[in-house]
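Derivation of every value follows stated rules applied to the coordinates shown; laboratory data play no part. These numbers come from a predicted model, not from an experiment. Glycine gets a Cβ as well: all are built from the backbone with ideal geometry, and neighbour counts include every protein chain shown.
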Amino acid sequence: MIEEYTEATNKKYTEKLKNRVIELKKKRNAVIIVHNYQRDEVQEIADITGDSLGLSKAAIKIEADVIVFCGVHFMAETAYILNPKKTVLLPVKEAGCPMADMITPEALKKKKQEYPGAPVVCYVNTSASIKAESDICCTSRNAVEVVNSIKEKRVIFIPDKNLGYYVQSQLPDKEIILWEGFCPTHIRVLPDQIITTKNLYPEAEFIAHPECNPDVLDLADKITSTGGMLEYIKNSKKRDFIIGTETGMLYRLRQDNPDKRFFLPTNHLLCASMKLTTLGWIVNSLELMVNKVSVPEDIRERAYRSVGRMLAISGEKKWVSISGN
Ligand code: 13P
Ligand code: SF4
């Protein structure tokens with residue numbers, strides 16, 4: 001029977017898809033890992049949600065056979081780098097991060113030749129081949145800590161120039177060689193938007209992701225990763241917050257803080273890649289076991305070193321043995 005498609009129909013099919021995900025999770029012994037920018041209905045069925053660092057840490061401890069990574073390609077790859085014996089699924093194989101595509105191993109090798117002896121710190125938003133060419137990985141949450149742990153004064157930081165700029169501002173004794181990469185979503189935040197929103201809500205604090213441009217970061221009351229934002233806002237006594245990151249953040253922020261108010265500086269803070277994942281594609285990948293993400297073993301081993309060194313700095317004891325050099 002053909003029925004009229006209404007709001008109620010939509011709700012009914014969403015519930016059906018959610019139930020199907022639950023059935024398939026059992027059948028495949030799978031865990032659903034979800035980044036903070038994913039669609040609300042995807043966050044609703046998550047076993048684990050978090051920022052890049054939180055999800056990498058969670059990935060080490062997973063016992064399930066299958067990891068369904070609802071995020072972008074480099075995140076699923078990182079989960080595989082840490083769990084090569086498991087099946088990692090990225091529900092939509094086209095979900096890539098444009099910033100990660102702004103650097104190639106060849107271009108990085110050239111940069112290393114220009115600055116001999118300078119260690120390379122790569123943002124986790126990079127491919128496994130770039131991680132393999134780097135000395136240590138970092139996320140937006142621990143970038144300052146990671147760069148500060150390096151004994152050399154001069155460091156090559158790739159690929160996000162804005163995160164690199166922020167690290168430089170926090171560590172003036174370092175000389176940070178920047179790469180010209182950026183996030184097409186975060187650069188849409190403009191200083192005027194923050195000033196206008198602050199004029200409307202003078203009590204509001206502006207919380208910015210370090211991928212925003214430097215002139216925007218200069219206006220921030222707090223600069224941190226998506227996971228850092230959740231923690232900071234939960235513990236804050238303030239009521240109003242201007243959120244300088246992707247809209248998906250509002251789901252958890254509202255869940256965790258029903259009495260607080262959130263304002264976005266612009267309605268254009270959408271990461272198209274993050275929004276590709278839907279319940280339907282999650283069902284599809286689990287039903288057919290398609291869109292597996294893996295990395296050739298020689299690259300994985302080298303990438304694992306750079307991710308492992310980061311995890312050692314971020315307090316994961318398991319990795320300490322490889323962090324000495
Ligand atoms: P977080 O690690 O802060 O979640 O950031 C990931 C990301 O892609 C930001 O655009
Ligand atoms: Fe990449 Fe930006 Fe999307 Fe994050 S928000 S995944 S950095 S494009």
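What to note about this one:
- Residues (out of contact with any strand residue (DSSP E or B) (no Cβ under 7 Å at 6 or more places or on another chain) and buried (at least 22 other Cβ atoms within 10 Å of the Cβ)) located in region 230-248: LEU230, THR245, GLU246, GLY248
- Meeting the requirement of 2 or more residues that are free of Cβ contacts under 8 Å to residues at least 12 places away in the same chain and closer than 19 Å to ASP40 by Cβ, the helices (runs of 4 or more DSSP H) wholly within region 230-325 are 249-256.
- One residue from ILE103, ILE62, ILE45 being touching a Phe, Trp or Tyr at 6+ places or on another chain (Cβ under 8 Å) and either within 23 Å of MET289 (Cβ to Cβ) or crowded, with 16+ Cβ neighbours inside 10 Å (or both): ILE103
- Filtering region 213-229 to residues that are free of Cβ contacts under 8 Å to residues at least 40 places away in the same chain, within 15 Å of ligand 2 (Cβ to nearest atom) and either under 15 Å from ASP160 (Cβ atoms) or surrounded by fewer than 16 Cβ atoms within 10 Å (Cβ to Cβ) (or both) leaves only VAL216.
- Residues of region 199-212 satisfying the condition of being surrounded by fewer than 19 Cβ atoms within 10 Å (Cβ to Cβ) and either on the phi > 0 side of the Ramachandran plot or not aromatic (Phe, Trp, Tyr) (or both): ASN199, LEU200, PRO202, GLU203, GLU205
- Qualifying positions in region 156-194 - of a type in the set (A, V, I, L, M) and either closer than 22 Å to SER52 by Cα or assigned to a loop (DSSP other than H, G, I, E, B) (or both): ILE156, ILE158, LEU163, VAL167, LEU171, LEU178, ILE187, VAL189, LEU190
- Scope region 12-54; condition among the β-branched types (Val, Ile, Thr) and either more than 29 Å from CYS138 (Cα to Cα) or free of Cβ contacts under 8 Å to residues at least 60 places away in the same chain (or both); matching residues: THR14, VAL21, ILE22, VAL31, ILE33, VAL34, ILE48
- If the condition is being part of a helix (DSSP H, G or I) and either within 13 Å of ligand 1 (Cβ to nearest atom) or over 18 Å from GLY50 (Cβ atoms) (or both), then region 78-94 contributes only THR78.
- Which listed residue, of ASP173, ASP160, is away from ligand 2 (no atom under 15 Å from the Cβ), of a type in the set (D, E, K, R) and either closer than 28 Å to HIS268 by Cβ or surrounded by fewer than 24 Cβ atoms within 10 Å (Cβ to Cβ) (or both): ASP173
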